[in-house]
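What follows is a short report on a single structure.
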Amino acid sequence: MKKSVFAFCVLMLAGLVQAADVDQATDERIRSSLGALLPGLRPDGVRATPIDNLFEVTFGTRVVYVTGDGRFLVQGKVIDLETRTEITEQRLSELKMAALAEVGEDRMVIYGPADAKHTVTVFTDIDCGFCRKLHADMPEYNKQDIRIRYLFYPRAGLGSESYDKAVSVWCADDRKAAMDTAKAGDAVPAKTCENPVAEHHALGQAMQLQGTPALLLEGGQMVPGYVPPDKLRTLLDQQRAQSNG
């Protein structure tokens with residue numbers, strides 16, 4: 001990937017939010033005000049919120065709110081107390097899931113059948129201890145009807161040993177077999193090819209990952225750390241029931 005990949009992923013995430021009910025004058029006023037406050041940092045999207053005269057402004061996956069006159073900026077979560085809906089979290093979740101759709105499953109390493117009840121996307125580091133624990137439990141996740149989609153997130157960064165291992169796994173003739181070997185702590189033959197590892201890493205940075213494994217659930221919620229298969233199934237079932245209710 002070219003060195004602009006991080007900027008590309010940020011723009012990809014932000015560009016998925018379309019302006020809604022914002023007249024041109026208001027849009028320009030907000031952008032001008034923010035431009036004076038944050039020189040060189042251009043908002044990616046401006047859209048209306050359910051609150052009169054308060055507009056959502058996105059910078060990548062960061063969300064702030066600005067009044068229509070461009071005077072007041074608010075950082076934090078917006079919650080609808082009547083419906084008990086976390087408006088800000090919903091928007092961030094939508095951005096994340098749309099970004100994953102842009103990546104495409106052909107750029108992931110996937111364990112489990114396409115018709116599994118649940119699908120969880122996991123940002124993983126080859127050398128992360130809890131990532132290896134999660135992978136060792138892969139048969140149980142699949143038994144729980146959970147399909148795991150891997151994205152690579154070498155925490156040491158691009159060009160690190162973990163990054164090179166991820167590239168070798170992707171470039172192997174049998175990616176899943178190579179992943180199994182690498183997660184067991186054994187060496188995978190070094191190999192290079194066109195690969196999505198830098199793209200995955202940039203996407204994780206845009207989503208502000210704090211570590212690995214990082215589990216992105218079906219609704220776009222991010223869960224940090226290892227979650228046992230049975231507890232993950234319970235969590236997914238609960239979320240599915242809530243969304244259907």
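The values are calculated or read from the model by the stated rules, or taken from the named source; none is laboratory data. All values reported here derive from a predicted model rather than from experimental measurement. Here the Cβ is made from the backbone with ideal geometry for all residues, glycine too, and neighbour counts use every protein chain on show. Only protein heavy atoms, including side chains, enter the accessible area calculation; ligands, DNA and RNA are left aside. Shrake-Rupley method; radii C 1.70, N 1.55, O 1.52, S 1.80 Å.
Miscellaneous remarks
- Those lysines that a straight Cα-Cα span of less than 21 Å connects to K77, excepting residues fewer than 8 apart in one chain: K96
- Calculated on alpha-carbon atoms, Rg and Dmax of region 100-245 in Å: 14.6, 49
- Taken per residue, the accessible surface of the chain reaches 52 Å², heavy atoms only and a 1.4 Å probe.
- Normalised contact order of region 162-245, rounded percent, pairs of Cα under 8 Å and 6 or more residues apart: 19 percent
- Structure remark: mean-square fluctuation, Gaussian network model of the chain, C-alpha springs under 10 Å; the largest value among I30, I148, I126 belongs to I30.
- Dividing the summed -39500 (n - 2.57) terms of all DSSP H runs of n ≥ 4 by the residue count of the chain sets its mean residue ellipticity at 222 nm at -12500 deg cm²/dmol.
- When you restrict to C-alpha pairs under 8 Å that are six or more residues apart and normalise by the size of the chain, the relative contact order lands at 19 percent.
- Extent along principal axes [Cα atoms of the chain; Å; largest to smallest]: 59, 44, 26
- Here the translational diffusion coefficient of region 107-186 follows from Stokes-Einstein with Rh set to the Kirkwood radius across Cα pairs; for 4 °C and 1.567 mPa s it amounts to 102 µm²/s.
- Within the accessible area of the chain, the carbon and sulfur atoms contribute 50%, probe 1.4 Å, all protein chains present.
- Gain on full extension, evaluated as 0.36 nm per residue between K231 and E161 minus their Cα-Cα distance, stands at 22.0 nm.
- Among the listed pairs K117/K176; K143/K183; K176/K231; K117/K231, those whose Cα-Cα separation exceeds 23 Å are K176/K231.
- Mean Cα-pair separation over length for region 13-123, i.e. relative contact order, pairs under 8 Å, 6 or more apart, %: 21 percent
- Taking every full run of DSSP H in the chain, the ones that stretch at least 24 Å from end to end by Cα along their long axis and average 0.0 or higher on the Kyte-Doolittle scale are 87-103.
- Taking A136, A101, A178 as the candidate residues, the one with maximal mean-square fluctuation in a Gaussian network model of the chain, Cα springs under 10 Å, is A101.
- Label-point separation in nm, K133 to E102, each point 7 Å along Cα→Cβ: 3.4 nm
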